[in-house]
Each structure stands twice: as structure tokens, then as C-alpha cells.
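Here's the structure, in C-alpha cells; my notes come after.
The values are calculated or read from the model by the stated rules, or taken from the named source; none is laboratory data. Here the structure is a predicted model, which means the values were calculated and not measured. Cβ atoms come from the backbone with ideal geometry, glycine included; neighbour counts cover every protein chain shown. The accessibility values were calculated without ligands, DNA or RNA, using every heavy atom of the protein model including side chains. Shrake-Rupley method; radii C 1.70, N 1.55, O 1.52, S 1.80 Å.
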Amino acid sequence: VLGSAQLLLRMRGTTLLYWGGVGAGPSAAPVAEPYEPRRADVLVLACPYDAGPYHFPSRARTAAAVVAWVREVLDAGALPVLLARALGTAQELCRLLSGTGITVRAHRTVARWNRLAREAGLELGPTPELRKPLVGPAATGTVVVAPLSAARSATLDRLVPGARSALVSGSAVVEGEVAARGAEVGFPLSRHADSRVLRRLVRETGASYAYLGPSHSARFEASLRRLGLGVTRFTAPRQTSQLLLF
């Protein structure tokens, strides 16, 4: 995601590193800097996929599976809709699909983020906003990228009649999540590291202590303690603020 960053603080001989959903894979955004491993004494973590069932296959394999499913739906004469996070995954999908010769239309929420991404220098290919119902010739060979919030919405049903939906998110591995979104299939494509990669990255920092945000699981906390780290948990504040610590 353009604008994502780690925060590294050095004070009185101690180094503290803040991660908010770290992702260590190849960046989908050519203008974004790649992830840079850092050494730290103390970690502050707020990562969404910290324990099972979050074990993701390779990004290349998952991306290929998404394209194959879209082509399969189009060949069957139906309209595919990809439900994804409006900021981050949606831009990755637009960039991926526009390079395959498939026509991409963006839901208005995704289109708004796409405009900002382009202003920041990201090449997405043509992704016009979906304004009218996809019927007749306009629907031929077209895939729609829509936000998770549009799942099961009457507006999306009107704009894409008879659509077949897929959930493209790390949460696709959670039992029941695909059906809950009204999708027929799920693809675990995420910008965040899964539980295995996250534990590896923690080890690479050499940290001896970690502070965990309220979304982290007890299982992940136990895994850090087994690695020899001391752990403190934050409880959820009434008004969420990522900078509350400081």
C-alpha cells in the first residue's frame, strides 16, 4: 500500500520498531520501496494474520489462479466480480488483470483509490469507473473489482446483474468467510505476511521484547514467548489510535 511504513525509534541505547501489518513479499507498487529488515530490541506489532488458519500459498500461484478463474467465468458467459480491500489489494488486482487483455471496471470506491494511486505514480492500466449496469456489449470480457463493503449489496447486484463473485483476501482461508461474503470461491491474496512469515521476521529482528495490539491472538503470544521474547498486550482503547503508544 502506498504510504505504508515502519517506524524505527532509537532512545537511550534502545531501539523500538513499530510494524502495522508488515508484508515482506515483492511489492505490487513499483513506486513503493521494498520491505527492509531492521534490527530492534523492542517490537510493537499490529499485524492481522498472526496465527492459523492464515497460511498463504505463493503470491504468484494465487494471482495465476485469480486470472484463471476470471477467464473461466468469462468463457461461461457470466460476469466475474472480485471482492477485495479497496486500498491495496484492489489496486494489485487492477494492475494484474489490465495486463492480461481483460477489461477491468472499478467500483466507485475502488476507482477513488485508483485515482489517488495514479497521482502518486502507480501504473494500473485502464480501469474506468463502473457507472451503469453491465449489460449487452459493455459486459463482454469485463471483470469488476469491488470493495469488501459491496458484498451482497443491492447496488452491486443492479450494476452487475447475474454476477459470480470471488473473495480475494487473506480472510478467504477462514471457514465460512467466502460464503458470508456471498462469493463462490476465495483466493488468499494479501499484502500482509501470514503467521509463518511473521514469526520468521520477528526472529530476524533479534528483538527481546514485543508489545502486541489487541487484535493479536493468544496463540501468537505463546509462540513469541517460546522464542524467548517477553510480551505485553495492549487492550483496545475506546478510540482506536495507532499512535496512542507515543
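Taking 0.692 mPa s as the viscosity and 37 °C as the temperature, the Stokes-Einstein diffusion coefficient of the chain based on its alpha-carbon Kirkwood radius rounds to 169 µm²/s.
Principal axis extents of the Cα atoms in the range 106-246, from largest to smallest and rounded to whole angstrom, are 62, 36, 32. The peptide list 200-206, 9-15, 85-91, put in order of mean Cβ contacts within 10 Å with the highest first, becomes 85-91, 200-206, 9-15. From its DSSP helices (H runs of at least four residues, each -39,500 (n - 2.57)), the chain gives a residue-normalised ellipticity at 222 nm of -8000 deg cm²/dmol.
Ordering Leu159, Thr14, Pro128 by Cα displacement along the dipole of the chain toward the positive end leaves Thr14 in first place; charges were set at the Cβ atoms of Lys, Arg (+1) and Asp, Glu (-1). Note on the chain: with charges restricted to the Cβ of Lys and Arg (+1) and Asp and Glu (-1), its dipole about the Cα centre is near 420 debye. Within the accessible area of the chain, the carbon and sulfur atoms contribute 52%, probe 1.4 Å, all protein chains present. What fraction of the DSSP beta bridges in the chain is antiparallel, stated in percent and rounded to the nearest 5? Around 15 percent antiparallel, to the nearest 5. At a probe radius of 1.4 angstrom, the accessible area of the range 11-124 per residue rounds to 48 square angstrom. Give the distance, in whole Å, between the Cα centre of the range 57-131 and the Cα centre of the range 157-220. Their Cα centres are 18 Å away from one another.
Relative to the dominant Cα principal axis of the chain, helix 59-75 is inclined by about 20°.
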